[in-house]
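First comes the structure, then the notes that go with it.
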């Protein structure tokens, strides 16, 4: 299967490795930053792969069947739509877009053109997360009371200075949109997906050189009567602390933690179908960074979805759901009011000047 990569930044090595692990034919890479592109060429020995500064030229000359979009967040939607129009299947890095209108257009146009679009929420493929999801699907939690997502990370001046688009409303958003959206996706997915009301507050406490928030806190009410609590920040000193997901039901309690919810720390169920000690030991991983090991199985799923003509495990609608929840928190901060879902169109650009 002919594969191309658009965007050679921080996350691109995970995509290149996943493509290779799944036997894809890498026919082209693209980036406006030639130094970033050549860095990946050297690291992955891609000297025989065509290189482009303009992704339109890549699409025209290489005709890839599958494209990964790994640019700055604000360009995801426009590039995705051009790829869809060219007949390409897609893996789009999170967030799938920065506005609900763009996410909806990606979904609509992909269905119209008959191509597959995957939102790159790779943590759904963590061994720990898959084990928890199995318990949810089997009803082992009983009545779900509430869940919490905590993302307590550090991002310093150097991180933002290396890529000036980070932390801007036009191209990124803040901690919730960039760092926390993976765990926000997991919380919504585990708690039934359908959100009724969101009440949130955000602030910029320690990064006066960015436009967007470095702290976000929200309470979520789901349509099934359960609740969610979200706490996300990039203010932790002096390094990343944890990313955790808690789920509480009347018949089960689970905590996943570690670098990126990659280990199970608590496993308690009234049915006693498995040994908690064995579950903790068997379904934990120790990834070298917060990106985990999920890209390779995500790629495998997308390839199979294309070949068997089914939806990807993490499709564009899942990407929209995660985006919508973040934007609902933003809108609640802006208005000072609860936000009821489903939302009409809202964008990170609607937050411009919030912390000026």
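Some observations on this one:
- Pairing each residue of the range 96-113 that is over 19 Å from residue 350 (Cβ atoms) with any residue that is not in a helix (DSSP H, G or I), provided the two are 6+ apart or on different chains, yields C-beta distances under 6 Å for 110/117.
- Wholly within the range 1-101, helices (runs of 4 or more DSSP H) carrying at least 3 residues that are in the same structural domain as residue 329 (by TED's automatic domain parsing): none
- Failed item in (1) modelled with pLDDT of 95 or more; (2) closer than 26 Å to residue 237 by Cβ, with residue 143 passing the rest: (2)
- Verdict on residue 279 being under 19 Å from residue 186 (Cβ atoms), surrounded by 16 or more Cβ atoms within 10 Å (Cβ to Cβ) and touching a strand residue (DSSP E or B) at 6+ places or on another chain (Cβ under 6 Å): yes
- Listing of helices (runs of 4 or more DSSP H) fully contained in the range 103-192 that carry 1 or more residues being touching a helix residue (DSSP H, G or I) at 6+ places or on another chain (Cβ under 9 Å): 127-137, 175-178, 181-190
- Scope the range 252-284; condition assigned to a strand (DSSP E or B) and in contact (Cβ under 8 Å) with a residue 24 or more places away in the chain; matching residues: 252, 254, 256, 263, 264, 269
- Set 107, 184, 151: member being assigned by TED's automatic domain parsing to the domain that holds residue 236, within 20 Å of residue 342 (Cα to Cα) and either surrounded by fewer than 19 Cβ atoms within 10 Å (Cβ to Cβ) or at pLDDT 95 or above (or both): 184
- Only residues that are surrounded by fewer than 21 Cβ atoms within 10 Å (Cβ to Cβ) and in contact (Cβ under 8 Å) with a residue 60 or more places away in the chain were counted in the range 201-210, giving 3.
- Residues of the range 215-234 classified as over 22 Å from residue 344 (Cβ atoms) and either crowded, with 24+ Cβ neighbours inside 10 Å or not assigned by TED's automatic domain parsing to the domain that holds residue 327 (or both), total: 3
- Single residue of the range 302-332 satisfying the filter (within 21 Å of residue 73 (Cα to Cα) and more than 16 Å from the chain's Cα centre (by Cα)) that is surrounded by the most Cβ atoms within 10 Å (Cβ to Cβ): 330
- The number of residues in the range 258-276 being within 30 Å of residue 210 (Cα to Cα) and surrounded by 20 or more Cβ atoms within 10 Å (Cβ to Cβ) comes to 4.
- Of the residues in the range 285-297, at least one is in contact with a helix residue (DSSP H, G or I) (Cβ under 8 Å, 6 or more places away or on another chain), more than 19 Å from residue 68 (Cβ to Cβ) and modelled with pLDDT under 95.
- Within the range 332-356, the set of residues being free of Cβ contacts under 8 Å to residues at least 40 places away in the same chain and part of a helix (DSSP H, G or I) comprises 334, 335, 350.
- Among the residues of the range 133-148, those identified as surrounded by fewer than 17 Cβ atoms within 10 Å (Cβ to Cβ) and over 21 Å from the mean Cα position of the chain (by Cα) are 137, 138, 139, 142, 143, 145.
The values are calculated or read from the model by the stated rules, or taken from the named source; none is laboratory data. This structure is a prediction, so every number in the text was calculated from the model and none was measured. When we count neighbours, we look across all protein chains shown, and the Cβ atoms used for this are built from the backbone with ideal geometry, even at glycine.
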